[in-house]
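Q: Just passing along the structure, written as structure tokens.
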Amino acid sequence: MKYIHFVITSICILLMCITPAAGLKTEAMIHYSEPDVSIGDEIFLEQGYSVKVLDMNSNSGDIWIELYRNGDKVELDDNFAKEDEALEYIRTVIEDEDDDKEVDYFILSIISEGSVKESDGEIYSTIYIEQYLDPVEDFNDYLLMDRDFSLKAGSERRLSGLYTIEASDVDDGEVTLELRFDDRLLKEDEVEEDDYFYYTVYSETGPQTVFLAYLEGLFETDGGTTVFIDHVFLQQDTVSGITNVPGSIDIDVTSPLGDGLKAGRIAIVDYYLDDSYEEVRILLDGEVLDTRKEVSPGTYKAVTGELDSGIHKVTLMTLDENDDISYYSEEFSVSVNIQDNIGESIAELANSAAEGLGKDNSSANSSSDMSGPLLPSDISNILSLLVSAFVFVVLIWFFKKFL
């Protein structure tokens with residue numbers, strides 16, 4: 001998180017400059033994101049807050065922003081987010097109506113990246129958003145809020161629901177943290193002490209921060225390293241489809257037969273890169289399919305194994321020259337293979353009919369020296385064979401005509 005220490009420093013300075021009665025407070029962080037924005041974009045945050053981009057300086061990268069709370073405009077002292085000066089929102093709350101005691105809560109910080117890019121004649125830039133809990137506004141039923149815990153390096157801890165976090169590879173004040181959902185890898189990152197580990201997904205309505213945790217410290221002993229994590233925030237991911245995918249990345253999962261993704265068949269994962277990376281990996285449901293080193297711009301392929309029906313998640317991991325790791329994911333659906341099911345049913349029916357014929361022939365041979373009319377059981381067997389043959393013919397006709 002490139003600018004997260006800026007807010008912490010700003011808070012400390014403010015605390016030194018104001019009286020204890022004013023008491024600037026900061027609650028738990030509930031949102032962190034780095035969205036690309038263009039003029040006219042509106043980004044929806046937590047607790048009813050949203051920001052709208054009114055204008056952008058194509059030279060300095062300064063961004064003119066309006067802040068809204070539950071649809072109502074919020075008056076700010078300064079509406080510009082800059083590279084070296086954050087747009088900040090501090091909300092004053094009367095906590096004790098008897099003596100009119102006011103407390104200032106730090107709610108929001110927005111910083112501009114400072115550089116402006118252009119695509120298809122439209123300019124855009126990246127902003128860094130930090131949002132903290134507003135004690136006045138309603139908030140969602142989060143899975144975890146402002147929780148602290150510790151875990152041993154090399155171990156995994158269950159958070160809530162199907163979410164887990166694992167710590168590994170402690171080296172020189174850094175630890176590798178992995179966030180998983182139902183054993184699927186969501187985010188992996190090397191985190192230093194006094195920094196945040198976060199997982200944010202993106203959609204057309206804006207970013208949603210699913211997980212946030214502050215790395216308080218590492219404690220090493222002969223028995224191993226203990227990782228202390230504070231201010232843990234977790235909410236259920238409600239965003240589906242492509243997440244975190246910029247214009248430079250494209251992922252497409254198709255059938256090699258061109259007739260849709262079906263259970264029991266393989267799939268082809270095509271991924272396009274318009275930039276170079278030190279390393280690229282493709283993962284399917286958390287398992288590595290393909291790894292490439294020193295990858296140039298272009299389109300690449302990976303092949304899956306036979307897929308089960310249901311929802312699957314393909315993830316593209318990129319490692320750039322600065323050793324920064326990014327993850328881009330897309331979910332896709334695999335349908336039940338009706339053709340194979342019908343084929344199996346036809347085969348089973350044919351085997352059943354053949355067995356029935358064999359039994360009838362055996363019975364006929366054993367009683368060939370006996371004369372007399374057909375018994376009811378013989379008539380039933382013949383009718384069953386005729387019905388089976390009719391169904392068999394109909395299924396073959398359906399199979400050829402519609403599949």
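The values are calculated or read from the model by the stated rules, or taken from the named source; none is laboratory data. The structure presented is a predicted model; accordingly, all values stated were derived computationally and were not measured. Quick reminder, even Gly has a Cβ in these numbers, built from the backbone with ideal geometry, and neighbours come from all protein chains shown. With ligands, DNA and RNA removed, areas are computed over all heavy atoms of the protein, side chains included. Shrake-Rupley method; radii C 1.70, N 1.55, O 1.52, S 1.80 Å.
Q: Of all the residues that make up segment 269-299, how many are among the hydrophobic types (A, V, I, L, M, F, W, C) and open to solvent by 30 Å² or more (accessible area, probe 1.4 Å)?
A: Total meeting the criteria: 2.
Q: Then there's this: Please go through segment 181-195 and give me each residue that is within 18 Å of the chain's Cα centre (by Cα) and crowded, with 19+ Cβ neighbours inside 10 Å, ordered by number.
A: Phe181, Leu185, Leu186, Lys187, Asp189
Q: Is it true that Leu14 is at pLDDT below 90, surrounded by 15 or more Cβ atoms within 10 Å (Cβ to Cβ) and over 28 Å from the mean Cα position of the chain (by Cα)?
A: When the stated conditions are applied, Leu14 passes them.
Q: Show the residue pairs meeting these rules: Cβ distance below 6 Å; 6+ apart or different chains; first residue within segment 277-299 and more than 15 Å from Ile249 (Cβ to Cβ); second residue modelled with pLDDT of 85 or more and outside any strand (DSSP E or B).
A: That search, which allows pairs on different chains as well, returns Leu284/Thr304.
Q: Take the conditions aromatic (Phe, Trp, Tyr), closer than 18 Å to Thr26 by Cα, touching a residue at least 24 places away in the same chain (Cβ under 8 Å) and assigned by the TED database to the domain that holds Glu42 and apply them to Tyr124. Does it pass?
A: No; evaluated as a whole, the condition is false for this residue.
Q: Within the bounds of segment 254-267, is there any residue that is within 24 Å of Ile282 (Cα to Cα), modelled with pLDDT under 90 and part of a strand (DSSP E or B)?
A: Yes - at least one qualifying residue is present in segment 254-267.
Q: Take Ser109 and tell me if it is farther than 17 Å from Asp41 by Cα and touching a helix residue (DSSP H, G or I) at 6+ places or on another chain (Cβ under 7 Å).
A: Considered against the rule, which asks whether it is farther than 17 Å from Asp41 by Cα and touching a helix residue (DSSP H, G or I) at 6+ places or on another chain (Cβ under 7 Å), Ser109 comes out as yes.
Q: Restricting the search to segment 67-94, which residues are surrounded by 15 or more Cβ atoms within 10 Å (Cβ to Cβ) and in a strand (DSSP E or B)?
A: Matches in segment 67-94: Leu67, Tyr68, Arg69, Val74, Phe80, Ala81, Leu87, Glu88, Tyr89, Ile90, Arg91.
Q: Of all residues in segment 209-230, which are under 21 Å from the mean Cα position of the chain (by Cα) and open to solvent by 20 Å² or more (accessible area, probe 1.4 Å)?
A: The answer is Tyr214, and nothing else.
Q: Quick one: would you say Glu178 is within 18 Å of the chain's Cα centre (by Cα), more than 30 Å from Val53 (Cα to Cα) and assigned to a strand (DSSP E or B)?
A: yes
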